[in-house]
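To start, the structure under review is shown below, and the notes come after it.
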Amino acid sequence: MMPWVGLALLLFVGLGVVLTGLPVPIILIVAASLGAVIGAVNGQVPIDLLAALPERLINLLENDLVQAIPLYVVMGVLINRLPVAEALYRLGLAILPRSRAAPVVSGIALGALIGPMNGSVGASVLALSRVLAPRLEASGIPLPRRAAIITVASTLGVVVPPSLVLILLGDAMLAAHTIAVTATGRDDRVINTQDLFHGALAPAGIYLVACLLIAWCFNRATPNTTGRAAGHGRLRPQQAAIGVFALLAILTLLGGVTLGYFYAVEAAAMGGFALLIVGFVSRRLSLPVLGELLRDALALTGTLFFMLMAATTLTLVLRVLGTDQLVAGWIAAIPGGPLAAVAVVLGGIWLCALVLDAFEIIFVVVPIVIPPLLIRVDDAVWVAVLVLLVVQTSFLDPLVGYSVMMTRTVLRASIEFLALLRSLLPFLLAQWALLIAVLLLPSLAHIGQTEADRSRKPPDIPAEELDRRIQQMLAPEPEAPSTKTAPSR
């Protein structure tokens, strides 16, 4: 009976997100509290098991990768305020051939560049809307197509390493794979965030090329009633300098983290420092403005940490209630081989994405459904890349996708649904085709792997860290303080 209570709590969370409009962390905390009270009153769940919560939260905040969250948020608010995005966009127009499609292609490329540094899809939508919307309008691009371009470009940072979504998903997959390897006794090397970076390289590259081609082919014949000059404004020397500096810095940071030369935290700190230098040199960042930006960054960071802690609390309650074991039994009973099991779980994640965003899926859903899936499927990198693509797909859902809704809100214009769907459809078809291709061809998730990835032998993490994660995820009992380890590479 108690495991079904946990499922009811998940349904409560979904309905609460859709119907109440309350902040998601509040809904998660209420659901966790209800579950704890029901379990205690019923008498089937010892309430003292919940004493593990403080230790779980301490272990959570001790994770070095979590330190990257505020740094990514700071970069996001700086990019949104400074002329970096505009300079990169103008630089792209100067490089591309003169064409009516050039503003759209430059906008897609801009999304791929600043998306991984922005910290969230919402920050990318704000930055891209400010830069692209007026210039695409001046170039004669219809409103539905402008909204589609901004929507798609804002989600590219989800799959391009080393985005915040990739970092958080990589850490969640490490924990899930640890449980699966321990349960099965396999000698698999436990994956880490670096493996997910490498696994996402080929799918991200394929989708980016597809988006650029779609943007070029579908927009080069767009009539321009205001003339090409509206979209190809002259690149001023200061913009050129900022654009070149930003392009080199972003490529260096993204490449360094993806190839393992920098930690994600180090790269985020270097990116934030570089943006501060640009702000002070361009005189767009005075001390009062910097104070305002830091307050915004603290508010956004607090929201993300609150959500992470609330989700950790709910997952502990679900494990105490035995809901994870119920779900594990269902996944074990899925008929067919690994492909069928992966397809069914991905379908469940997609359904959750109708009401939950990427961070909520990573924090709440992945710890419940992925460990039993990895017991049946031994290719953890493949599963992680598929989950990443499904999460990205959730942002582009034409009905309730977060990026779609955010774009419509920011543009402050009434956009007919069918017109927006027609503009989004080529990008959606490309995304679905990529998802199916990776599902049927797991080798696509291993193209980016290096010889170092293939040659490393288990164990990939220290024994103390392995023991801590097993105790934290499998047995919700008070744990002894553990030694802080270096972040996964």
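Annotation note: Cβ proximity below 8 Å between a residue of segment 372-387 that is on the phi < 0 side of the Ramachandran plot and a residue that is surrounded by fewer than 24 Cβ atoms within 10 Å (Cβ to Cβ) and among the basic types (Lys, Arg) (sequence gap 6+ or interchain) occurs for 378/186. Mind checking whether some residue in segment 100-110 is part of a helix (DSSP H, G or I), free of Cβ contacts under 8 Å to residues at least 24 places away in the same chain and farther than 21 Å from residue 399 by Cα? Yes, segment 100-110 contains at least one residue that is part of a helix (DSSP H, G or I), free of Cβ contacts under 8 Å to residues at least 24 places away in the same chain and farther than 21 Å from residue 399 by Cα.
Within segment 346-357, does at least one residue satisfy the condition of being under 23 Å from residue 79 (Cβ atoms) and either basic (Lys, Arg) or surrounded by 16 or more Cβ atoms within 10 Å (Cβ to Cβ) (or both)? The answer is yes, given that some residue of segment 346-357 is under 23 Å from residue 79 (Cβ atoms) and either basic (Lys, Arg) or surrounded by 16 or more Cβ atoms within 10 Å (Cβ to Cβ) (or both).
Going through segment 341-395 one residue at a time, which ones are among the acidic types (Asp, Glu), assigned to a loop (DSSP other than H, G, I, E, B) and farther than 22 Å from residue 202 by Cβ? Scanning segment 341-395 gives a single hit, 357. On the basis of being surrounded by fewer than 24 Cβ atoms within 10 Å (Cβ to Cβ), at pLDDT 85 or above and not polar (S, T, N, Q), does residue 202 make the cut? The answer is yes for residue 202.
For residue 461, the requirement of being at negative phi, assigned to a helix (DSSP H, G or I), β-branched (Val, Ile, Thr) and at pLDDT below 90 is not met. Scanning segment 260-297 for residues that are in contact (Cβ under 8 Å) with a residue 12 or more places away in the chain and either aromatic (Phe, Trp, Tyr) or farther than 20 Å from residue 85 by Cβ (or both) yields a total of 5.
Counting only helices (runs of 4 or more DSSP H) that sit completely within segment 243-335, those holding 1 or more residues that are more than 24 Å from the chain's Cα centre (by Cα) and more than 22 Å from residue 117 (Cα to Cα) correspond to 287-321, 323-332.
The values are calculated or read from the model by the stated rules, or taken from the named source; none is laboratory data. Note that the structure is predicted; figures quoted are calculated from it, not measured. For neighbour counting, all protein chains shown are included, and Cβ atoms are generated from backbone atoms with ideal geometry for every residue, glycine included.
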